[in-house]
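For reference, the structure discussed in these notes is given below.
The values are calculated or read from the model by the stated rules, or taken from the named source; none is laboratory data. Since we're looking at a predicted model, the values are computed, not measured. Cβ coordinates were reconstructed from backbone atoms using ideal geometry, including for glycine residues, and neighbour counts include every protein chain displayed. The protein model used for the area step is the full one, side chains on, heavy atoms only, and it has no ligands, DNA or RNA in it. Shrake-Rupley method; radii C 1.70, N 1.55, O 1.52, S 1.80 Å.
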Amino acid sequence: MSGDQIIIFDTTLRDGEQSPGCSMNTREKLEVARALVELGVDVIEAGFPIASPGDFDAVRQIAEKFGDRTTICALARSRDEDIEKAKGALVNAAKRRIHVFLATSAIHREFKLKMDKAQIIERAISSVKMAKEFTDDVEFSPEDAARTELDFLCEVVEKTIDAGATTVNIPDTVGYATPNHYFKVISYLKQNVPNINNAIISSHCHDDLGLAVANSLAAIEAGARQVECTINGLGERAGNAALEEIVMALRTRADYYKVHTKINTQKLYPTSHLVSSITGMKVQRNKAIVGQNAFAHEAGIHQHGILQERSTYEIMRPQDVGYVGQNLVLGKHSGRHAFRDRVAQLGFQLDDAATQKAFDDFIALADKKKEVYDSDIVALIENRMEENGDRWKLISFHTSAGSSAIPTATIQLQYLEEPVLCDAAIGDGPIDAVFKAMERIVGLTARLEQFDVRSVSEGKDALGEVRVTINLGGRHFQGKGVSTDIIEAAAAAYLKALNKAVSAGVTA
Ligand code: KIV
Ligand code: ZN
């Protein structure tokens, strides 16, 4: 490996989770944390413990489970009560970091904090010192650094390093920076902060102008050695810098950047898929690195070039990012061993019971459609993973619809082990009728905010995937379902979302 190692600080579970409609429950956060550990990130920012008891508990569980393998970080404002909560959540992590932040720009000082420069410096120093009593690994962020006067920024950075900060993060909180500007900010700090070599400089860029990745790379060129980013670029508003894009840019252009990361790049695609599936936030088809079209060559001239020599039109190999394409895999007569091997190659570690369920689903699917693809298998496995913890189960559904019929649905649901309940409803179409019948049984009425259908693989008999987002009293819940019958997929997705609402304690 050539050059310095860039520390990959993943904030999918903190800044990413702040993205509208992307909140995750603790089980889902643990699942994402596991994937991030396997991906090889250096630091996981697991949450903001003061924000809610749920956030606190998720950070605590992630710290307990993974804090011996990866540094687990908790966010805190520069306030004693925040730092206390962060300490409480991290207590069981061997590798732990507290990340304290305080805004420094004139706009934030005047309108948000109503504090002058001296008060900001004093508060920043005291909070870094307080965090330092608990752990050596302390990060300080002058929030809105990219809009802060450079001389004041230098002063804050110098004083917080003196107080014990081992990482100084320079957030472009509102996505205002441009690459050359951000490069100059980092360079200025390097040249004008006398103790700058006692800490690692970190970048944290938002994507409001679509420049988050470009700005992060500019920071690395200027000497930043930690980069804060999220899977699929999730995050506040337009999001944060996308981890997969930064990592692959550094790897593909190692000739230029002359640095490396410890990321296992073959896990990028599966991790992206998992995060998208859990948050319900779709990855756009033409998204760099992990989009469905990222490795598709359509133009004849490109296809011809690729057939002669891949490097004519391909700067990365699909397998380098763990891309799962439309490979035709197994048929109905493939044995259990072949299936188990394929599942492992796709990056899943399933126990015997989960393998058996996945195999049964695969056989059932192979009975319905001629060709089963890798992407079908991934969808089936993820679908089963999503089932954990569901209280309401779909026992059966029946719909009738047509140009001259009133769309009607009859549904049977079961709550845990209680007797099966049945109800019926009419709707604008069969799917609307299914949703209404379910709501009558569950006793919740939600607003449907998003409904997406896609085909998982090719062909008229393809597996259909439905994703829904529902709104219940201002809270958003996502659900996903797959089936060769899209009404069944829609029913499963809607019930999943209702189940999440029930688990979160939402009542009528
Ligand atoms: O964007 C931002 O400024 C942040 C800080 C908390 C680091 O997310
Ligand atoms: Zn941020």
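Out of Ala353, Ala366, Ala379, Ala358, one residue alone is in contact (Cβ under 8 Å) with a residue 24 or more places away in the chain and farther than 27 Å from Val290 by Cβ. It is Ala366.
Scanning region 227-238 for residues that are in contact with a Ser or Thr (Cβ under 9 Å, 6 or more places away or on another chain) and surrounded by fewer than 24 Cβ atoms within 10 Å (Cβ to Cβ), which turns out nearest to Thr11 (Cα to Cα)? Break it down into steps so the answer makes sense when it comes.
Going residue by residue through region 227-238, those that are in contact with a Ser or Thr (Cβ under 9 Å, 6 or more places away or on another chain) are 227-232, 234-237.
If we keep only those that are surrounded by fewer than 24 Cβ atoms within 10 Å (Cβ to Cβ) as well, we get 236-237.
Working: Glu236: 11, Arg237: 15 Å.
Out of the qualifying residues, it is Glu236.
Among residues of region 207-222 being open to solvent by less than 10 Å² (accessible area, probe 1.4 Å) and within 15 Å of ligand 1 (Cβ to nearest atom), the one that is nearest to Asn240 (Cα to Cα) is Ala212.
Screening Asp136 with (1) closer than 26 Å to Ala238 by Cβ; (2) in a loop (DSSP other than H, G, I, E, B) gives one miss only, at (1).
Please specify each residue of region 229-238 satisfying the condition of being within 14 Å of ligand 1 (Cβ to nearest atom) and in contact with a Leu (Cβ under 9 Å, 6 or more places away or on another chain).
Here is the first cut: in region 229-238, the residues within 14 Å of ligand 1 (Cβ to nearest atom) are 229-230, 233-238.
Scanning region 229-238 gives Cys229, Thr230, Gly233, Ala238.
When the residues of region 249-279 are filtered to those that are at pLDDT 95 or above and surrounded by 23 or more Cβ atoms within 10 Å (Cβ to Cβ), which remaining residue is nearest to the chain's Cα centre (by Cα)? So the residue we want is Leu268. Within region 455-471, the residues that satisfy the criterion of being modelled with pLDDT under 90 and surrounded by fewer than 17 Cβ atoms within 10 Å (Cβ to Cβ) are Ser455, Glu458, Gly459, Lys460, Asp461. Residues in region 416-452 that are within 22 Å of Phe477 (Cα to Cα), open to solvent by less than 50 Å² (accessible area, probe 1.4 Å) and part of a strand (DSSP E or B): Asp452 only. Taking region 240-255 as the range and being in a loop (DSSP other than H, G, I, E, B) and within 12 Å of ligand 2 (Cβ to nearest atom) as the test, only Ala241 passes. Scanning region 2-21 for residues that are more than 12 Å from Ile44 (Cβ to Cβ), more than 13 Å from ligand 1 (Cβ to nearest atom) and either buried (at least 21 other Cβ atoms within 10 Å of the Cβ) or modelled with pLDDT under 95 (or both) gives Ser2, Gly3, Ile6, Pro20, Gly21.
Only one entry of Ala401, Ala379 meets the criterion of being among the hydrophobic types (A, V, I, L, M, F, W, C) and part of a strand (DSSP E or B), and that entry is Ala401.
Okay, residues lined up against (1) touching a Leu at 6+ places or on another chain (Cβ under 8 Å); (2) assigned by TED's automatic domain parsing to the domain that holds Gln226; (3) part of a helix (DSSP H, G or I):
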| site | (1), (2), (3) |
| --- | --- |
| Val41 | yes, yes, no |
| Ile50 | no, yes, yes |
| Gly54 | no, yes, yes |
| Lys65 | yes, yes, yes |
| Ile83 | no, yes, yes |
| Gly88 | no, yes, yes |
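On inspection, Tyr188 passes the criterion of being assigned by TED's automatic domain parsing to the domain that holds Glu38, of a type in the set (Phe, Trp, Tyr), surrounded by fewer than 23 Cβ atoms within 10 Å (Cβ to Cβ) and within 27 Å of Thr166 (Cα to Cα). Does Ile72 satisfy the condition of being more than 17 Å from Thr173 (Cβ to Cβ) and part of a strand (DSSP E or B)? In short, yes. Hey, among the residues in region 371-399 that are of a type in the set (Gly, Ala, Ser) and at pLDDT below 85, which one's surrounded by the most Cβ atoms within 10 Å (Cβ to Cβ)? Within region 371-399, the match that is surrounded by the most Cβ atoms within 10 Å (Cβ to Cβ) is Ala379.
Please work out if Val59 is β-branched (Val, Ile, Thr), open to solvent by less than 40 Å² (accessible area, probe 1.4 Å), more than 16 Å from ligand 1 (Cβ to nearest atom) and in the same structural domain as Thr173 (by TED's automatic domain parsing).
On the way: β-branched (Val, Ile, Thr): yes; open to solvent by less than 40 Å² (accessible area, probe 1.4 Å): yes; more than 16 Å from ligand 1 (Cβ to nearest atom): no; in the same structural domain as Thr173 (by TED's automatic domain parsing): yes.
Judged against the criteria, Val59 is not a match.
Every residue, every condition in (1) over 23 Å from Ile200 (Cα atoms); (2) within 16 Å of ligand 2 (Cβ to nearest atom); (3) open to solvent by 90 Å² or more (accessible area, probe 1.4 Å), yes or no:
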{"residue": "Glu64", "(1), (2), (3)": "yes, no, yes"}
{"residue": "Ile83", "(1), (2), (3)": "no, no, no"}
{"residue": "Arg96", "(1), (2), (3)": "no, no, no"}
{"residue": "Thr104", "(1), (2), (3)": "no, yes, no"}
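When each of Asp136, Asp144 is tested for being open to solvent by less than 10 Å² (accessible area, probe 1.4 Å) and either under 30 Å from Ala93 (Cα atoms) or in contact with an Asp or Glu (Cβ under 6 Å, 6 or more places away or on another chain) (or both), the lone residue that passes is Asp144.
Every listed requirement among (1) in contact with a Leu (Cβ under 8 Å, 6 or more places away or on another chain); (2) closer than 20 Å to Ala74 by Cα is met by Cys154 save one, (2).
When region 267-289 is filtered for residues that are closer than 16 Å to Met24 by Cβ and either free of Cβ contacts under 8 Å to residues at least 12 places away in the same chain or small (Gly, Ala, Ser) (or both), the ones remaining, listed by number, are Ser272, Ser276, Ser277, Gly280. Got at least one residue in region 154-169 being open to solvent by 10 Å² or more (accessible area, probe 1.4 Å), in contact (Cβ under 8 Å) with a residue 60 or more places away in the chain and farther than 13 Å from Ser105 by Cα? There is no residue in region 154-169 that is open to solvent by 10 Å² or more (accessible area, probe 1.4 Å), in contact (Cβ under 8 Å) with a residue 60 or more places away in the chain and farther than 13 Å from Ser105 by Cα. Among the residues making up region 452-486, those that are touching a Ser or Thr at 6+ places or on another chain (Cβ under 6 Å) and either among the hydrophobic types (A, V, I, L, M, F, W, C) or not assigned by TED's automatic domain parsing to the domain that holds Ala437 (or both) are Val456, Ala462, Leu463. Summed over region 295-325, residues that are modelled with pLDDT of 75 or more, assigned to a loop (DSSP other than H, G, I, E, B) and in contact with a helix residue (DSSP H, G or I) (Cβ under 8 Å, 6 or more places away or on another chain) total 8.
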